[in-house]
1. In square angstrom, what is the accessible area per residue of the chain with a 1.4 angstrom probe?
2. GNM on the chain, C-alpha springs below 10 Å: top fluctuator among THR92, THR157, THR80?
3. A 29 angstrom limit on the alpha carbon distance is what I want to check against. Which of LYS38/LYS143; LYS26/LYS166; LYS47/LYS166; LYS6/LYS166; LYS26/LYS47; LYS41/LYS166 exceed it?
4. Return the calculated 222 nm mean residue ellipticity for the chain, to the nearest 500 deg cm²/dmol, obtained by summing -39500 (n - 2.57) across DSSP H runs with n ≥ 4 and dividing by the residue count.
5. For the chain, modelled as a GNM with alpha-carbon contacts under 10 angstrom, which of GLN111, GLN144, GLN77 fluctuates the most?
6. Kindly work out what percent of the DSSP beta bridges joining two residues of the chain are antiparallel, to the nearest 5.
7. With the cut-off at 1.5 for a/c, could you classify the stretch 67-220 from its C-alpha gyration tensor as rounded, prolate or oblate?
8. Using a 1.4 Å probe on the protein heavy atoms, what percent of the accessible area of the chain belongs to carbon and sulfur?
Amino acid sequence: MAKKPKYYTILEGLQPGIYDDWDVCKEKIEGFSGAVYKSYKTLDEAKKAWAAVFGEPTEADLFLTHNEEMLMPFEVQIPTLPPEVNTNAIATDAGCMGNPGIMEYRGVDLQTGQEIFHFGPVWGTNNIGEFLGVVHALALLEKQQRRGVTVYTDSRTAISWVRRRKCASQLPEDEQTANLYNIIHRAEKWLVSHPDLAGNIVRKWETEKWGEIPADFGRK
């Protein structure tokens, strides 16, 4: 089976655009001071990252050599986990290009590997994404009337903010971040109104013992 290519969004480089060939992408960033780029598993994700900064990409912004319709759909492969990991759980993680920068977060079902929610990309910080990912998972579990489920995050900051019911980010609240802060304030209100987290549990993912959290975006 042919390996599924990644997609590379270059926001700052010799020739900004969306690429699906790493060698070509590399030519456009090498030697460019302050290059800003990131890889994505799907063309749709790469386009969203571009759109968050420049608006919807045009044909002139695409430098593609593959036909995505021929590709296998993306799936999260859950590794064999130690017995202390509760698989009745949602793993959450965030990714951010720059800090602040283009941020996104998602949640993955540890039993099935299914990505059950994905938010972004938007302008934000990694800590905000980690925090919102946890609250998003908790609110989703409440909506589904599920209790006793573990929500994992590898962020101590996110856990601290959840416990305090407050996002303590220093990101300015301005026109650029207004929509994001609307979501943050809703998340804070949800936490205040659900002191028992709707009967669910937030736990730290022990990366050193268990490996990368399954919701990791794989862009380190």
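1. With the other protein chains kept in place, the chain gives 54 Å² per residue.
2. THR80
3. The pairs that break the limit, which is 29 Å between Cα atoms, are LYS38/LYS143; LYS26/LYS166; LYS47/LYS166; LYS6/LYS166; LYS41/LYS166.
4. -9500 deg cm²/dmol
5. The residue that fluctuates most here is GLN144.
6. So the antiparallel bridges amount to about 75 percent of the total.
7. Oblate is the answer for the stretch 67-220, as a/c is 1.5 or above yet b/c matches or exceeds a/b.
8. The computed percentage sits at 49.
The values are calculated or read from the model by the stated rules, or taken from the named source; none is laboratory data. On a predicted model such as this, the values are computed, not experimentally measured, just so you know. Positions of Cβ are generated from backbone atoms using ideal geometry, with glycine treated the same way; all protein chains shown enter the neighbour counts. We work out accessible area using only protein heavy atoms, side chains counted, and drop any ligands, DNA or RNA first. Shrake-Rupley method; radii C 1.70, N 1.55, O 1.52, S 1.80 Å.
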